[in-house]
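To keep things clear, I will list the structure first and then write my remarks on it.
The values are calculated or read from the model by the stated rules, or taken from the named source; none is laboratory data. These numbers come from a predicted model, not from an experiment. Neighbour counts run over all protein chains shown; Cβ positions are idealised from the backbone, glycine included.
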Amino acid sequence: MVKTTLKIDGMMCSMCEAHINEAIRKAVTVKKVKSSHKKGESVIISDEALDEQSIRKAIGDTGYELTGFSAEPYVKKGLFHI
C-alpha cells in the first residue's frame with residue numbers, strides 16, 4: 001500500500017475538502033482519502049502508486065492548484081501493533 005500526500009492551494013472550507021475528495025475518487029482508485037483545508041493537504045491511501053499527472057489534472061479541473069506531491073510506503077497499524 002502507498003500513502004500519497006498532496007499539498008493543495010486554494011482550499012478554504014469543508015466544502016472545498018469535499019470537492020477535492022470527490023475529484024480524487026473519480027480520477028484514481030483509492031482506499032481512503034482525507035483532505036484538510038487548515039493544513040492545505042490531502043492524504044490518499046491506495047493499493048498502488050498513483051499517477052501524478054492524473055491527480056494534477058483532476059485537482060486543476062476543480063480550480064485548485066496542486067503544489068506538492070509525495071509518496072511513501074504505508075503500513076496499517078492496528079490496535080495491537082508493536
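Below are the figures for this structure:
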quantity	calculated
Qualifying residue in segment 69-79 (condition: surrounded by fewer than 17 Cβ atoms within 10 Å (Cβ to Cβ), on the phi < 0 side of the Ramachandran plot and touching an Asp or Glu at 6+ places or on another chain (Cβ under 8 Å))	yes
Residue in segment 46-65 that is among the hydroxyl-bearing types (Ser, Thr, Tyr), at pLDDT below 95, outside any loop (DSSP other than H, G, I, E, B) and exposed (fewer than 13 other Cβ atoms within 10 Å of the Cβ) present	yes
Complete set of residues in segment 1-22 that are touching a Phe, Trp or Tyr at 6+ places or on another chain (Cβ under 7 Å), under 20 Å from TYR74 (Cα atoms) and not in a strand (DSSP E or B)	MET1
Yes/no for VAL33 being within 10 Å of the chain's Cα centre (by Cα) and surrounded by 17 or more Cβ atoms within 10 Å (Cβ to Cβ)	yes
Segment 43-66 residues that are under 15 Å from ASN21 (Cβ atoms), paired with ones that are among the small types (Gly, Ala, Ser) and surrounded by fewer than 19 Cβ atoms within 10 Å (Cβ to Cβ) (beta carbon under 6 Å, 6 or more apart)	ALA58/ALA27; TYR64/GLY10
Residue match in segment 23-36 (condition: modelled with pLDDT under 95, polar (S, T, N, Q) and in a helix (DSSP H, G or I))	no
